[in-house]
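Asker: My questions will all concern the structure given below.
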Amino acid sequence: MNSNRVPFASLPPSLTAERQGPVAILKLNRPQKRNALDDGTVIGIDAFFAALPDDIRAVVIAGEGEHFCAGLDLSELQERNIHEGITHSALWHRAFEKIQFGKVPVIAVLHGAVVGGGLELASSAHIRVADRSTYYGLPEGSRGIYVGGGGSVRIPRLIGVARMMDMMLTGRTYSAEDGQIMGLSTYLTESGEGLAKGIELAQRIATNTPMTNFAITHALPRIAEAAPATGFAMESLISSIAQADPEAKNRLTAFLEGRAGKVKRPD
């Protein structure tokens with residue numbers, strides 16, 4: 001499949017973007033810094049997702065070099081006062097919110113270090129594919145700092161408060177295999193095979209109706225957090241909206257007429 005580099009938005013040198021048909025691939029491009037996230041990179045991520053072309057149906061986030069992302073670029077942290085720290089955290093929140101509740105589903109492809117802010121970035125994606133070189137850590141306790149990119153909200157929903165607390169207090173790290181069992185990753189591949197798997201999944205997701213993808217990424221997490229009665233009402237509304245979409249009607253007709261595949265046992 002041919003891929004081509006396209007501008008998408010005005011990106012800093014620390015990010016590259018290309019597309020494969022309806023799938024965009026955004027790569028962190030600071031391998032010499034283990035893809036640590038500086039302000040320019042986070043601003044670039046925000047701009048990329050804010051200006052995503054309408055014909056892009058899914059996004060893959062990956063990292064160049066030996067690591068996905070080793071976290072916050074600590075060299076930028078030393079001189080910040082309290083107000084500047086709050087503003088900086090809000091910048092990360094805005095950028096990662098555009099991933100979690102943006103236009104399209106997002107897959108994070110993980111390898112090497114997925115540490116601190118790198119894990120916060122990964123947790124904002126809808127699906128995480130890790131290869132066996134991946135390892136996870138939250139070293140904030142030993143650095144005298146605290147997560148600021150939404151990790152307090154997103155990571156406990158994946159692994160629980162107790163595990164996250166342990167990681168931050170003790171500096172405990174987890175392997176790719178541990179992360180798969182805990183729920184940090186959704187898929188586990190052999191080393192070097194994660195990106196191909198992530199693109200394969202993104203291409204598959206891109207064939208879904210946009211309305212259904214929107215419902216899954218925007219409505220489902222909010223329904224899951226709502227009180228049951230509210231959740232049931234929201235589910236009724238979103239399911240009615242989704243099934244009324246003309247493309248959904250066409251697909252249901254194709255299934256009923258035997259022109260669409262049925263669900264089969266996994267291989």
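The values are calculated or read from the model by the stated rules, or taken from the named source; none is laboratory data. All values reported here derive from a predicted model rather than from experimental measurement. All Cβ positions, glycine included, derive from the backbone under ideal geometry; neighbour counts span all protein chains shown. Protein only, heavy atoms only, side chains kept; ligands, DNA and RNA dropped before computing areas. Shrake-Rupley method; radii C 1.70, N 1.55, O 1.52, S 1.80 Å.
Asker: Using θ = phi - 60° and the Karplus relation 6.51 cos²θ - 1.76 cosθ + 1.60, list the HN-Hα couplings for region 259-265 in order, rounded to whole Hz, with x at every Gly or Pro.
Answerer: Per residue, the Karplus-derived 3J(HN,Hα) values read 9, 10, x, 9, 5, 10, 4 Hz.
Asker: May I ask you to give the solvent-accessible area per residue for the chain, in square angstrom, as obtained with a 1.4 angstrom probe?
Answerer: The answer is 51 Å² per residue.
Asker: Rounded to the nearest 500 deg cm²/dmol, what is the calculated helix-only ellipticity per residue at 222 nm for the chain, with -39500 (n - 2.57) per DSSP H run of length n ≥ 4?
Answerer: -13000 deg cm²/dmol
Asker: I would also like to ask the following. Report, to the nearest 10°, how far helix 228-244 tilts away from the longest principal axis of the Cα atoms in the chain, using its own Cα long axis and a range of 0 to 90°.
Answerer: 60
Asker: Please state the Cα pair-distance histogram of region 16-80 with 10 angstrom bins from zero: what percent is in each bin?
Answerer: It works out to 20, 46, 27, 6, 0, in whole percents.
Asker: Per-residue HN-Hα couplings for region 111-117, Karplus 6.51 cos²θ - 1.76 cosθ + 1.60 at θ = phi - 60°, whole Hz, x for Gly and Pro?
Answerer: Values, residue by residue: 7, x, 6, 10, 10, x, x Hz.
Asker: Roughly how many whole Å is it from the C-alpha centroid of region 161-202 to that of region 204-220?
Answerer: A separation of 24 Å, based on Cα centres.
Asker: Something else: Give the residue list of chymotrypsin sites (Phe, Trp or Tyr not before Pro) in region 73-128 that are DSSP loop and have at most 16 other beta-carbon atoms within 10 angstrom.
Answerer: Qualifying residues, ordered by number: Phe101.
Asker: Additional query: In debye, nearest 20: dipole of region 12-98 around its Cα centre with unit charges on the Cβ of K, R (+) and D, E (-)?
Answerer: Numbers: 9 positive and 13 negative charges, 41 e Å.
Dipole about the Cα centre, nearest 20: 200 debye.
Asker: Could you please report the charge total around Leu28, scoring K, R as +1 and D, E as -1 over all other residues with beta-carbon less than 10 angstrom from its beta-carbon?
Answerer: Working: positive: Lys27, Arg30, Lys33, Arg34; negative: Glu64.
Residues close to Leu28 contribute a combined charge of +3.
Asker: Take region 76-229, compute every pairwise Cα distance, and split them into 5 Å bins from 0; I just need the percent in each bin.
Answerer: 2, 9, 16, 20, 19, 17, 10, 5, 2, 0
Asker: Another question, then. If you put +1 on each Lys and Arg Cβ and -1 on each Asp and Glu Cβ, how big is the dipole of region 91-150 around its Cα centre, in Debye rounded to 20? Kindly include the intermediate steps, with their values, before the conclusion.
Answerer: Values: 6 positive and 4 negative charges, 28 e Å.
Value, rounded to 20: 140 debye.
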